[in-house]
Amino acid sequence: MNIKNVTVAGAGVLGSQIAFQTAYKGFNVTVWVRSEASIERAKPKFAALEQTYVATLEAMKTNPAAFARGLASADASAEELDALKAKAHEALEGIRFTTSYEEAARDADLVIEAIAEDPAQKTAFYTELAKHLPEQTIVVTNSSTLLPSAFAESTGRPEKYLALHFANQIWQNNTAEVMGHQGTGEAAYREVVEFADAIGMVPLELHKEQPGYILNSMLVPFLSAAQALYATGVADPATIDKTWMLATGAPLGPFRILDIVGVTTAYNIVSMKPEAADPESVMGKVAAMLKEMIDAGKTGVAAGEGFYSYR
C-alpha cells in the first residue's frame, strides 16, 4: 500500500472520528476545515476522542464488554493496551489542521471528504481541491447517501475517486463500505480496501453504486419513519424510542441515533427529497421540525442537546 499521508476534509462527527482513528493507526493526518473558527471548534472533539480511546483501552483490561474492535485485538495484554493508550496521545498531538487547499493537498496520498451532505458544497470543494492535488492522490467521499458518480468529474481524477463510508463510533462499529462508480479504477479501489483494513476497519466491498450503500439503505428508512411519527403528532421521541427498544431489545432508539448522527445531517438528507418542498407533506413537516431544531442550536450530542439533553 502506498498511502502514508491522509487528509480528512471536515471535522464534524464522522470527520473527526475518521481523522483520529487514522492517526491512531500511525498515518500522518491533516484535517482541512473552512475557517480558523472551525479549527477551534474541532479541537475539543479530538481531545474528547483521545479520552474515549484511553478510557476504553483501560476498561478492556478487566471488562470484556468494553472490547472495541477498531482499537485492539481481543487478546491484547495489559502492557499492549497501555502502549496503545500512548498511541492515542500521539495521535492527538500529531494531527495537523489547515484551512489551505494547497497545504491540505500538497503531500496527500489519500483525501477523505467528510463535509456537509450538500451537493453544491461538495462540488465546490472538489473543484478547488483538484487544482492542488498531486497526480498520485486518491480521493474518497464519506457521503451518507450521495453517489460518487455525481461528483467524479469535478474531482479531476474520476478513475481515482470512490466512496469510503464509515459508521458512527468507528473505533467500535468498525465498518468501512467501499463503493466505486463505473469509472473507478481497480488499482484505486484495491488501495482503498487495503487502507480501510490498515486503520482497523472491516472493508465491505459493494459491487455497484447504491444510494445509502448497505448500511444507510437500511438505516435511513428506519430513521425517516420515526421522524414522520413525531412530525405528524403520532408520538413523542421518548415514546417512539421506548417502543423500539422494548420491542426489539435494541440498545438505542431512532432519536438517540439521530442525536449521534447529528440533526443537521438528518435535515440535509430530508431536504433533498422533492416532497420536502411541500410544507403540508409528511417530509415537509419533518424538514420543518428539523430546521426549527437547528435554528435553536439543538443539533445533537455534539451540541449538548438534540432530541434529548446531554448537558
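Evaluate the following for ARG34: is it free of Cβ contacts under 8 Å to residues at least 60 places away in the same chain, closer than 18 Å to GLY262 by Cβ and out of contact with any helix residue (DSSP H, G or I) (no Cβ under 7 Å at 6 or more places or on another chain)? When the stated conditions are applied, ARG34 does not pass them. Answer yes or no: is there a residue in segment 10-24 that is more than 15 Å from the chain's Cα centre (by Cα) and closer than 25 Å to GLU135 by Cα. There is at least one residue in segment 10-24 that is more than 15 Å from the chain's Cα centre (by Cα) and closer than 25 Å to GLU135 by Cα.
Restricting segment 174-196 to residues that are surrounded by fewer than 16 Cβ atoms within 10 Å (Cβ to Cβ) and touching a residue at least 12 places away in the same chain (Cβ under 8 Å), the residue that is nearest to ARG157 (Cα to Cα) is GLY183. When we screen ILE199, ILE170 for residues that are at pLDDT 95 or above, crowded, with 19+ Cβ neighbours inside 10 Å, in contact with a Lys or Arg (Cβ under 8 Å, 6 or more places away or on another chain) and in the same structural domain as ALA66 (by TED's automatic domain parsing), the only hit is ILE199.
Just one of the listed residues (LEU246, LEU162, LEU219) is within 27 Å of ALA91 (Cβ to Cβ) and either outside any loop (DSSP other than H, G, I, E, B) or not assigned by TED's automatic domain parsing to the domain that holds ALA72 (or both), namely LEU162.
Would you check if THR62 is hydroxyl-bearing (Ser, Thr, Tyr) and within 24 Å of GLY12 (Cα to Cα)? For THR62, the condition - hydroxyl-bearing (Ser, Thr, Tyr) and within 24 Å of GLY12 (Cα to Cα) - is not met. Within segment 87-111, residues that are assigned by TED's automatic domain parsing to the domain that holds ARG34 sit with their Cβ atoms under 6 Å from residues that are buried (at least 16 other Cβ atoms within 10 Å of the Cβ) and of a type in the set (D, E, K, R), at 6+ positions apart or across chains, in these pairs: ALA88/GLU50; LEU92/GLU50. Specify the residue that is nearest to MET272 (Cα to Cα); the eligible residues are those in segment 115-151 that are of a type in the set (Gly, Ala, Ser) and out of contact with any Ser or Thr (no Cβ under 8 Å at 6 or more places or on another chain). Looking at residues that are of a type in the set (Gly, Ala, Ser) and out of contact with any Ser or Thr (no Cβ under 8 Å at 6 or more places or on another chain), I get ALA120.
The values are calculated or read from the model by the stated rules, or taken from the named source; none is laboratory data. As the structure is a computational prediction, the values presented were derived from the model and not from experiment. Every residue, glycine as well, gets a Cβ built from its backbone with ideal geometry; the counts of neighbours run over all protein chains shown.
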